[in-house]
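To keep things clear, I will list the structure first and then write my remarks on it.
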Amino acid sequence: MVAPLKVGLAGLGTVGGAVARLLQQQDSNALANTLAVRCGRPIELVAVTARAKSEMDALGIRPVRFVSSPAALATDPEIDAFVELMGGEGDPAKSAIEAALGAGKSVVTANKALLARHGVALAALAERSGCALNFEAAVAGAIPVVKTLREGFAGNTFERVYGILNGTCNYILSRMEGEKLSFADCLREAQKLGYAEADPTFDVEGFDTAQKLAILASLAFGVQVDPDAVYVEGISSLAPEDLEAAAELGYRIKLLGVAVRTEQGIEQRVHPTMVPLDSPIARVMGVTNAVSLDGAGFPPITLVGPGAGGAATASAVVTDLADIARGVRAMPFGRSVAQLAGSRRAPMQRHEGGYYIRLQAVDRPGTFATIARHLADEQISLESIVQRRRNGAPHGGSDPDGAQSPAPVILITYATTEDAVRKALREIKNRGVIAGNPQVIRIEKN
Ligand code: HSE
């Protein structure tokens, strides 16, 4: 009989617990042991570590050896592969992975924060030690997008990779649009349902998406993974009227991570994005994730599925272990670290595309002429203009106190540059014809 792959697991939270259960279920019935059949050898959980042994007892799994620390488990002589599911971009996860690779153990991790920050150094260490460093679970949960990019398209060159990489944000946006609720109400709801963290900043301000995008950009375009190269805007400034107006104009607003090849290099950006209603990505609602791979010489491929949760993430972890059991070892970012190009932050001023602009126009003669003049000065051409009535006031009327309140105006531009939009809006604001700050949302075409 072929020797099993012996696994040490660090971290017994939602994902760690699901991995432990999945491995033991597979292990418990030799005839139905699909994993062993597919890998040619069993995968056996032999040791775990967690903050307390009681975490293992509470899981209801068959007890395995409990090791006192991640560092001790990482170099444990009995294990062949070390699974890191503790999270956090620093220690103990980082030093445990380094120790495991240094000791010749292959590593599986779901830790996007650690990979985004230290992925290049860890990949170099894995290369030197001849071990695998697998991280399918770090991006988009059960969707096998890491493997798809790393191994599924070895001969293709992508122009753009983009997707919904944060289920919390997609849930909030779906609810804001469907129920016409405010961002704050939907966030509270997401927190109650356990989708959003107690401190939701990381999700809703786009940082979680940025870390995942940096990993995908490295795999797709061969640049060094670098979260600081990603331009980031979150969804907290969106209002229900933006989602409503987008739908009327044939779009839906999604928080997208987009990595695209441009003349200036690989542009990586995370921001609320208007996507055409008929695009596959627009149809992805709720906590679901999706990734579109575009430009390989055929129409885009879109992968859709659950991006978080114990079962979805454990599926990806076990897939990574299966590769190690089979003896398959891809380079972590699909090529040698020496072949990864340096990355730099997207020059967003030069970003080109269409824009949605929502202004609160002051109701007096000449307002539109002023707006139109400054747009024309920057060579910005308009695809649509929608003027809405002021809330609660008949057109041409006034507020109860007699003052004219501003009226919402929505503009959709043809392709222009970020620089032109920013300059025109600065001038329009300086002329006093709008109240408050403009809402600006970039449009991503199919
Ligand atoms: N917080 C993430 C999300 C899941 O909402 O999609 C973990 O990456």
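Is one or more of the residues making up the stretch 26-36 surrounded by fewer than 17 Cβ atoms within 10 Å (Cβ to Cβ) and not in a loop (DSSP other than H, G, I, E, B)? Checked the stretch 26-36: at least one residue is surrounded by fewer than 17 Cβ atoms within 10 Å (Cβ to Cβ) and not in a loop (DSSP other than H, G, I, E, B). A search for C-beta distances below 7 Å between a residue of the stretch 158-183 that is small (Gly, Ala, Ser) and any residue that is part of a loop (DSSP other than H, G, I, E, B), counting only pairs 6+ apart in sequence or on different chains, returns GLY167/TYR195; GLY167/VAL287; GLY167/GLY307; GLY167/ALA308; SER174/MET285; SER174/GLY286. For the stretch 304-334, a residue qualifies if it is open to solvent by 40 Å² or more (accessible area, probe 1.4 Å) and within 16 Å of GLU44 (Cα to Cα), and the qualifying residues are SER315, THR319, ARG326, GLY327. Of all the listed residues (LEU122, LEU133), the sole one being touching a Pro at 6+ places or on another chain (Cβ under 6 Å), in contact (Cβ under 8 Å) with a residue 60 or more places away in the chain and away from the ligand (no atom under 16 Å from the Cβ) is LEU133. When the residues of the stretch 342-360 are filtered to those that are among the hydrophobic types (A, V, I, L, M, F, W, C) and modelled with pLDDT of 95 or more, which remaining residue is surrounded by the most Cβ atoms within 10 Å (Cβ to Cβ)? Result: LEU359.
Looking at the stretch 306-327, which of the residues that are out of contact with any helix residue (DSSP H, G or I) (no Cβ under 7 Å at 6 or more places or on another chain) and not in a helix (DSSP H, G or I) is modelled with the lowest pLDDT?
If we filter the stretch 306-327 for residues that are out of contact with any helix residue (DSSP H, G or I) (no Cβ under 7 Å at 6 or more places or on another chain), which is where we start, we get 309, 312, 315, 321, 323-324, 327.
Narrowing further to those that are not in a helix (DSSP H, G or I): 309, 327.
Values: GLY309: 91, GLY327: 95.
The residue in question is GLY309.
ARG21: surrounded by fewer than 22 Cβ atoms within 10 Å (Cβ to Cβ), assigned by TED's automatic domain parsing to the domain that holds HIS118, touching a helix residue (DSSP H, G or I) at 6+ places or on another chain (Cβ under 9 Å) and within 17 Å of LYS105 (Cβ to Cβ), yes or no? For ARG21, the condition - surrounded by fewer than 22 Cβ atoms within 10 Å (Cβ to Cβ), assigned by TED's automatic domain parsing to the domain that holds HIS118, touching a helix residue (DSSP H, G or I) at 6+ places or on another chain (Cβ under 9 Å) and within 17 Å of LYS105 (Cβ to Cβ) - is not met.
When you scan the stretch 249-308, how many residues do you find that are polar (S, T, N, Q) and within 16 Å of the ligand (Cβ to nearest atom)? Give the steps one after another, and end with the answer.
Initial filter on the stretch 249-308 (polar (S, T, N, Q)): 262, 264, 268, 273, 279, 288-289, 292, 302.
The next check asks that each one be within 16 Å of the ligand (Cβ to nearest atom); those that pass are 288-289.
So the answer is 2.
For the stretch 175-203, a residue qualifies if it is within 11 Å of the ligand (Cβ to nearest atom) and either within 18 Å of GLY141 (Cα to Cα) or not aliphatic (A, V, I, L, M) (or both), and the qualifying residues are GLY194, TYR195, ALA196, GLU197, PRO200, PHE202, ASP203. For residues in the stretch 328-340 being more than 20 Å from the chain's Cα centre (by Cα) and at pLDDT 95 or above, which is nearest to GLY141 (Cα to Cα)? Checked the stretch 328-340; the qualifying residue nearest to GLY141 (Cα to Cα) is MET331.
Would you pick out the residues in the stretch 154-172 that are away from the ligand (no atom under 16 Å from the Cβ) and small (Gly, Ala, Ser)? ALA154, GLY155, listed by residue number.
ARG62 meets the conditions (1) under 20 Å from LEU23 (Cβ atoms); (2) within 25 Å of the chain's Cα centre (by Cα); (3) open to solvent by 60 Å² or more (accessible area, probe 1.4 Å) in every case but one. The failed one is (2). If you go through the stretch 46-59 and keep only what is of a type in the set (Ser, Thr, Tyr) and either part of a loop (DSSP other than H, G, I, E, B) or open to solvent by 10 Å² or more (accessible area, probe 1.4 Å) (or both), you end up with just SER54.
The values are calculated or read from the model by the stated rules, or taken from the named source; none is laboratory data. In this text, all values refer to a predicted model and were calculated from it rather than measured experimentally. Heads up, the Cβs are rebuilt from the backbone with ideal geometry, glycines too, and the neighbour counts pull from every protein chain shown. Keep in mind that these areas ignore ligands, DNA and RNA; they rest on the heavy atoms of the full protein, side chains included. Shrake-Rupley method; radii C 1.70, N 1.55, O 1.52, S 1.80 Å.
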